[in-house]
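Some notes on the structure that comes next.
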Amino acid sequence: MISKMRHIWTILDRLSMSSFTKTIYNLIFQRSATIFLATVVGVFAYERVINKTAEYIYERRNQGKLWKHVQPQFKLQTGDEEEEGSGSSEE
């Protein structure tokens, strides 16, 4: 019975190692330098996805409360006031 189980596991192991898995192993996991590079790239991509997702959720929950949403309501008066302020130093 134990030999039958070993035989079944051997067959399953051979079937589970597909060509895609072999390609990934040969390209990335065979050398430690490529494992390190894949880890760095993966962490960078993960950080970007988490950051963009958190920013999107934050902006959706605070719609209408952030400065970029209310800024058009508080347009700064430009023109005459700025010229008067800079002109006083010339006198």
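The values are calculated or read from the model by the stated rules, or taken from the named source; none is laboratory data. On a predicted model such as this, the values are computed, not experimentally measured, just so you know. Reconstructed Cβ throughout: ideal geometry from the backbone, glycine too, with neighbour counts over all protein chains shown.
Restricting to segment 50-91, name every residue that is in a helix (DSSP H, G or I), at pLDDT 90 or above and surrounded by fewer than 10 Cβ atoms within 10 Å (Cβ to Cβ).
Step one: of segment 50-91, the residues in a helix (DSSP H, G or I) are 50-61, 67-74, 80-87.
Those left that are additionally at pLDDT 90 or above: 50-61.
Answer for segment 50-91, where residues must be in a helix (DSSP H, G or I), at pLDDT 90 or above and surrounded by fewer than 10 Cβ atoms within 10 Å (Cβ to Cβ): 60, 61.
Go through segment 27-39 and report how many residues are part of a helix (DSSP H, G or I) and surrounded by 10 or more Cβ atoms within 10 Å (Cβ to Cβ). Of the residues in that region, 9 qualify. Identify all residues within segment 25-59 that are under 30 Å from residue 69 (Cβ atoms) and of a type outside the set (A, V, I, L, M, F, W, C); write none if there are none. 46, 47, 48, 51, 52, 53, 55, 56, 58, 59 - these are the residues of segment 25-59 that are under 30 Å from residue 69 (Cβ atoms) and of a type outside the set (A, V, I, L, M, F, W, C). Kindly indicate the residue of segment 9-49 that is of a type in the set (Gly, Ala, Ser) and out of contact with any helix residue (DSSP H, G or I) (no Cβ under 7 Å at 6 or more places or on another chain) and also modelled with the lowest pLDDT among those meeting that condition. Of everything passing the filter in segment 9-49, 16 is modelled with the lowest pLDDT.
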